[in-house]
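Note sheet for the following structure.
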2 protein chains.
Amino acid sequence: MFSFRLLATDGGARLGELHTAHGVVQTPAFMPVGTQGSVKAMRQRDLEESGAQIILGNTYHLYLRPGDQLIARRGGLHRFIGWPHPILTDSGGYQVFSLAGRRRIDEQGAEFRSHLDGSVHRLSPESTVDIQARLGSDIAMVLDECLAYPATRDETAQSMERSARWAARCRARFAAIRDGAGNEVGATNAGQVQFGIVQGGVFQDLRDQSAGAVTEIGFEGYAIGGLSVGEPIDLMYAVASDTARVLPPDGPRYLMGAGTPEDLVECVACGIDMFDCVLPTRNARNGQLFTSEGRINIKNARYAEDDGAIDPACGCYTCRTHSRAYLRHLYLAGEMTAGTLNTLHNLTFYLDTMRRIREAITLRTFDKFRQEFLRSASRLSLDS
Amino acid sequence: MFSFRLLATDGGARLGELHTAHGVVQTPAFMPVGTQGSVKAMRQRDLEESGAQIILGNTYHLYLRPGDQLIARRGGLHRFIGWPHPILTDSGGYQVFSLAGRRRIDEQGAEFRSHLDGSVHRLSPESTVDIQARLGSDIAMVLDECLAYPATRDETAQSMERSARWAARCRARFAAIRDGAGNEVGATNAGQVQFGIVQGGVFQDLRDQSAGAVTEIGFEGYAIGGLSVGEPIDLMYAVASDTARVLPPDGPRYLMGAGTPEDLVECVACGIDMFDCVLPTRNARNGQLFTSEGRINIKNARYAEDDGAIDPACGCYTCRTHSRAYLRHLYLAGEMTAGTLNTLHNLTFYLDTMRRIREAITLRTFDKFRQEFLRSASRLSLDS
């Protein structure tokens, strides 16, 4: 059912298609983050309108509430949330490391306290595979250990090696489900595939080792984890680029947790095919809006009587209908609609950027697009 | 420009059309409340989709933030908020009496402190007319004094008489603006009309006196104020009915601040043409949903695994797309989208009820509709 088709390249940039059990995703792709089964402030039809072809769900959150078993009884995550298009789920590891209380990690997995009610839970490589099988996402991720930045070479090496052992266990469990244990587990998507994750921090030899181990196990796609965690931006680009280079050219490459619009363009140039990030949605709720001429902060007094659209070059409902003056008023008045209108714009900007990237690769003009995009996007506003 | 056309009657119920400077409103009509220039959790296109033909704006809130002068410089409220359809504005009086701090009322008007920042403001009958002229609503309301319930007959009589004197001053100021002072004031809607308000509490002789005084002044329409403030429901129906009876049959009648779906049906039977209430929007954000079989509270554990729509008889986006189980999850997870989906449903239910009422009057089956509606709506749910 699943396949990745590479349609064209332009320099390092790749144009492709992910064929999944719930439809096709054009790559390079950006995945809006739907943590709790909802991309914050967006209805599903708003997502479709903004151009989203795939969204991300967070295993940690959905496992805790409403529970993966409940979702499986509803027929899986797609049916539960009313989103018939592709979904990728993370493994929950990142949230255990960043959000949960009093966690204890050992070779078996992680024990932690829920951030909701303090209750104690255990996740293992195998159980995160089972949970994602019940959620029935189209792409499931392996459990990996997430290190804080900076970490020493030794810490990073040990952690990367543990992640590789976990990846092997995740793949074994995934294979068992595919080969017959699915009913017993309550799997809801027979077409689900699994991506491995390359770790190794900012040490390229460790990245190479990790990539070797993970591709040796073999997955339908490969993610680069442990970036966008505070390292300098040039280092992130360098690691993403060098790591992408050692990944199989015929599989999709997913850079987890990135990034700004400039990051997307730069990392497409490095050969990345998939991205996810909370930036467009979270910033929208805080009044920071992305435009073709840089970022603006709608709270700023200079917009009080500005009758123009957020971005005159944008065709989203918000830009077609409302002025900066009105959006500033809604934000300052604490109206929920500020969040919904701003999010629709920011996601449209991100997904429109991806469309322009794909078009530029098709036309073999990606490098020119990139230079022009970075010039205008880096007019980083008088507001910030 | 403005006219009210009575098209049919069925018992006390009236079918009509309000022709305003921004289009036609079919009556009986329900007006969603857009306090701060936004019906909470709704985009303007959601309002159109739900069947709203006119919305209400709150003068008190808009005067304080972003300011009526700023809105006038943007071309008026319609343009500022991107709503090209009819708007009614209240006078701000009710909010001064219920929301503002440390108020002092005398014959001249009200002095009060802003609930936002404690700053001191004054509103007079004349200034509320000027503010609404700048907002440019299609229907402006006179300033009236709003008494708490219960009040003695003496208090009610004195207050009603002051409201009548204020109504005369409001009308004089309105006429001055219409006859030439508009430019100086910064009026933004030459087609604006003004409604008077009948007070008198629950004392029918005072209501009759008030109606006499207000119709003597003469307005394009008449509102019944000072109800839905805590009096017994049967008393409200009786006062609304007896007051409607003494109002001019050729003008629209607006019952301010009501009510539940049953209130709408009952008061249409009394000859009321227009309603506004925060109930559908506020309750939606609190998880209380109106359905054709009574109210449900989506928080209730019984909906945790309920795959049905909120109301199988409803055709709104929420009911077409999502289950009670998902909506309960969104609510408990604190997702903003719970508010937007629930509000879209509740407003659709209200506006659909108004459409069914109008249809029943057209078919001369209103009394039958009313009996059936009250029987199903009063199945007041195991949830409440």
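Positive contributions from Lys and Arg (+1) and negative ones from Asp and Glu (-1), summed over other residues with Cβ under 12 Å from the Cβ of residue B:176, come out at 0. Highest mean first, the peptides A:320-329, B:29-38 sorted by other C-beta atoms within 10 Å per residue fall in the order B:29-38, A:320-329. Where only DSSP H runs of four or more residues are counted, the protein assembly as shown gives -12500 deg cm²/dmol as its mean residue ellipticity at 222 nm, each run worth -39500 (n - 2.57).
Spacing of the modelled spin labels on residue A:231 and residue A:153, each 7 Å from Cα toward Cβ, amounts to 1.5 nm. Dipole check for chain A: with +1 at the C-beta of Lys and Arg, -1 at the C-beta of Asp and Glu, and the Cα centre as origin, the magnitude is about 820 Debye.
Taking 7 Å steps out from each Cα toward its Cβ at residue B:107 and residue B:176 produces label points 1.8 nm apart. Charge tally around residue B:31: other residues with Cβ under 12 Å, Lys/Arg +1 each, Asp/Glu -1 each, net -4. Short-range pairs are left out: with C-alpha atoms under 8 Å and at least six residues apart, the relative contact order of the stretch A:2-53 is 24 percent.
The mean number of partner chain beta-carbon atoms within 10 angstrom of a residue's beta-carbon across peptide A:282-288 is 0. Each Cα pair under 8 Å and six or more residues apart adds its separation to the average, and for chain A the resulting relative contact order is 17 percent.
On a per residue basis, the convex hull of the C-alpha atoms belonging to chain A measures out at 132 Å³. Taking every alpha-carbon pair within the protein assembly as shown, the share separated by more than 36 Å comes to 51 percent. With the gyration tensor restricted to C-alpha atoms of the stretch B:71-147, the semi-axes of the equivalent ellipsoid amount to 24, 14, 11 Å, longest first. Counting, for every residue in A:39-46, the Cβ atoms of other protein chains within 10 Å of its Cβ and taking the mean gives 4. Isolated cysteines of chain A, defined as having no other cysteine beta carbon under 4.7 Å away, are A:146, A:170, A:267, A:270, A:277, A:316. Rounded, prolate or oblate: which fits the stretch A:183-335, taking a ≥ b ≥ c as square roots of the Cα gyration tensor eigenvalues, rounded meaning a/c under 1.5, else prolate when a/b beats b/c? In terms of gyration-tensor shape, prolate.
Each 5 Å bin from zero holds the following percent of Cα-Cα pairs in the stretch B:1-116: 2, 10, 17, 18, 17, 14, 10, 7, 3, 0. Shielding value for B:311-318 is 1, the average number of Cβ atoms from other chains within 10 Å of each residue's Cβ. Number of Lys-Lys pairs in the protein assembly as shown with C-alpha atoms under 22 Å apart and a separation of 8 or more places or on different chains: 5.
Peptide packing for A:131-140, A:56-65 was compared via the average number of neighbouring C-beta atoms within 10 Å per residue; ordered from the highest value, the list is A:131-140, A:56-65. Axis of helix B:366-377 versus longest Cα principal axis of chain B: the two differ by about 60°, to the nearest ten degrees.
Near the amide H of residue B:291, under 5 Å away, which other amide H atoms are found, from residues 5 or more places off or on another chain, if H is placed in the peptide plane? HN-HN under 5 Å from residue B:291: B:296. Inter-copy label distances at residue A:12, shortest first and taken from points set 7 Å along Cα to Cβ: 7.7 nm. Computed from the alpha carbon atoms alone, the convex hull of the stretch A:236-320 holds 117 Å³ per residue. Across every pair of non-identical alpha carbons in the stretch A:108-162, the mean reciprocal distance, once inverted, gives a Kirkwood radius of 13.2 Å. Here is how far apart the residue A:184 label points are across copies: 8.9 nm, shortest first, using a point 7 Å from Cα toward Cβ. Between B:210, B:91, B:292, the residue with the greatest mean-square fluctuation in the GNM of chain B (Cα pairs under 10 Å linked by springs) is B:292.
Quick check: from the Cα gyration tensor, does the stretch A:96-217 come out rounded (a/c under 1.5), prolate or oblate? It is oblate, given that a/c is not under 1.5 and a/b is not larger than b/c.
Electrostatic tally near residue A:341: other residues with Cβ closer than 14 Å to its Cβ, Lys and Arg +1, Asp and Glu -1, net +4. Summarising the label geometry, the points placed 7 Å from Cα in the beta-carbon direction at residue A:374 and residue B:24 lie 6.0 nm from one another.
Evaluating 6.51 cos²θ - 1.76 cosθ + 1.60 at θ = phi - 60° for every residue in the stretch A:154-168, the Karplus couplings come out as 5, 4, 5, 5, 4, 5, 4, 5, 4, 4, 5, 5, 4, 4, 5 Hz, glycine and proline recorded as x. Derived scalar couplings between HN and Hα for the stretch B:293-309 equal 10, x, 8, 10, 10, 5, 5, 4, 4, 5, 9, 3, 10, 8, 7, x, 6 Hz in order, rounded to whole Hz, by the Karplus curve 6.51 cos²θ - 1.76 cosθ + 1.60 (θ = phi - 60°), x for Gly and Pro. Put simply, the amide H of residue B:258, placed in the peptide plane, has neighbours under 5 Å in B:276, leaving out anything fewer than 5 places away on its chain. Could you grab the relative contact order for the stretch A:250-333? Cα pairs under 8 Å, six or more apart, rounded to a whole percent. The normalised contact order for the stretch A:250-333 reaches 21 percent.
A point 7 Å from Cα along Cα→Cβ stands in for residue A:364, and the other copies hold the same point at 7.8 nm, listed in rising order.
Read the figures in this text as sums done on the coordinates, not as results from a lab. Source: prediction; values computed, not measured. With ideal geometry, Cβ positions are generated from the backbone for all residues, glycine too; neighbour counts draw on all protein chains shown.
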